[in-house]
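The values are calculated or read from the model by the stated rules, or taken from the named source; none is laboratory data. Predicted, not measured: the structure shown is a model, and the values here were computed from it. FYI the Cβ positions are ideal-geometry reconstructions off the backbone, even for glycines, and counts take in every protein chain you see.
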Amino acid sequence: MTIIQAILIAILEGLTEFLPISSTAHMKFLNPLIGVQSNSFSNLFEIVIQFAAILAVVVLFWRKFFDFKNIRFYLKLIVAVIPALIFGALLKKHIDSALSNLTFMAIVMICGGILLLFVDKWFAKNQIDDERKIDYPTALKIGLFQVLSILFPGLSRSAATIIGGMSQKLTRRAAAEFSFFLAVPTMFAASAKSLWDVHKEGSLSFSHNEINILLLGCLVSFIVATITIKIFIQYLKDKGFKLFGIYRIILGSVVLLFLLLK
């Protein structure tokens, strides 16, 4: 992986991680276009820069994450992340297979886009606008929605959890913020698991150049994600999901058509 390739992937990750359009699908679609080969380093790179993007949440919402008096906040995140940890471990072979199937992800992208066209109308009367009003059963239900993004790569983790939150009467803003919070333990666990898998393969030793590329990718992803979060929350609050749905349908259709004609 070259520096230019790493920067392009990191920019894309920072832009798409928190949008309901699937950062994973975007990276999988981009890689063959820019000549990135799938190997242990590129797979690790994708996971780690996702975690770097997630750290933007910790920085922007640092008062929330470092309010150690609010133990319930941490407990709710633990409850919500448990389903993803369990299903992620049980369904590893399915996940690996789905991540290598661009046709499957393109179809999921389109289906998710159709769903987003109607979400705003379905949950227009939601009233809960405060994370503190989320109880443990609600956190668990949102965590179960997150599992859908594991079962169906291309669905988007943020889309699944935001819709999960809105199904529990949360407003778009409150659902988006909790989705961001939940991303932190989720991607921390995914990054740790990826590092462990690479270690087991005996390929954890990277060259000086690869380490520099990984660090650069993390920095770029973090900066772009920080900017994106601020813009996205305000846009989502004002405009809703429709534009994202249209974008998903168009992109998924283009990728699917390209794959069918290839």
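Quick notes
- Meets criteria (of a type outside the set (A, V, I, L, M), farther than 20 Å from K141 by Cα and in contact (Cβ under 8 Å) with a residue 60 or more places away in the chain) for S100: yes
- Which listed residue is touching a helix residue (DSSP H, G or I) at 6+ places or on another chain (Cβ under 7 Å) and surrounded by fewer than 17 Cβ atoms within 10 Å (Cβ to Cβ), from I71, I49, I114: I114
- Screening A192 against (1) at pLDDT below 90; (2) buried (at least 18 other Cβ atoms within 10 Å of the Cβ); (3) within 13 Å of V48 (Cβ to Cβ) leaves a single unmet condition, (2).
- Tabulated pairs, segment 65-88, first under 15 Å from A183 (Cβ atoms), second surrounded by 14 or more Cβ atoms within 10 Å (Cβ to Cβ) and hydroxyl-bearing (S, T, Y), C-beta under 7 angstrom, 6+ apart or interchain: V81/T186; A84/T186
- Scanning segment 66-125 for residues that are among the acidic types (D, E) and closer than 18 Å to S158 by Cα turns up just one, D120.
- Selection of segment 162-201 for residues being charged (D, E, K, R) and over 26 Å from L44 (Cα atoms) yields K169, R172, R173, E177.
- All positions within segment 156-173 that are among the aliphatic types (A, V, I, L, M) and at pLDDT below 90: none
Yes/no per residue for (1) more than 26 Å from Y247 (Cα to Cα); (2) touching a Ser or Thr at 6+ places or on another chain (Cβ under 8 Å); (3) not hydroxyl-bearing (S, T, Y):
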| position | (1), (2), (3) |
| --- | --- |
| G14 | no, yes, yes |
| E17 | no, yes, yes |
| I21 | no, yes, yes |
| P32 | no, no, yes |
| Q37 | yes, no, yes |
| Y74 | yes, no, no |
| S97 | no, no, no |
| T103 | no, no, no |
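- Taken across segment 108-116, residues that are outside any loop (DSSP other than H, G, I, E, B), at pLDDT below 90 and within 30 Å of N43 (Cα to Cα) do not occur at all.
- W122 fulfils the conditions (1) touching a Phe, Trp or Tyr at 6+ places or on another chain (Cβ under 7 Å); (2) surrounded by fewer than 17 Cβ atoms within 10 Å (Cβ to Cβ); (3) of a type in the set (A, V, I, L, M, F, W, C) except for a single criterion, (1).
- Only one of the listed residues (S38, S42, S22) is loosely packed, with under 15 Cβ neighbours inside 10 Å, in contact with a helix residue (DSSP H, G or I) (Cβ under 9 Å, 6 or more places away or on another chain) and of a type in the set (S, T, N, Q). That residue is S38.
- Identity of the residue in segment 151-173, surrounded by fewer than 24 Cβ atoms within 10 Å (Cβ to Cβ) and among the hydrophobic types (A, V, I, L, M, F, W, C), that ends up nearest to I231 (Cα to Cα): F152
- Matching residues, segment 13-58, being under 17 Å from I3 (Cβ atoms) and among the aromatic types (F, W, Y): F41, F45
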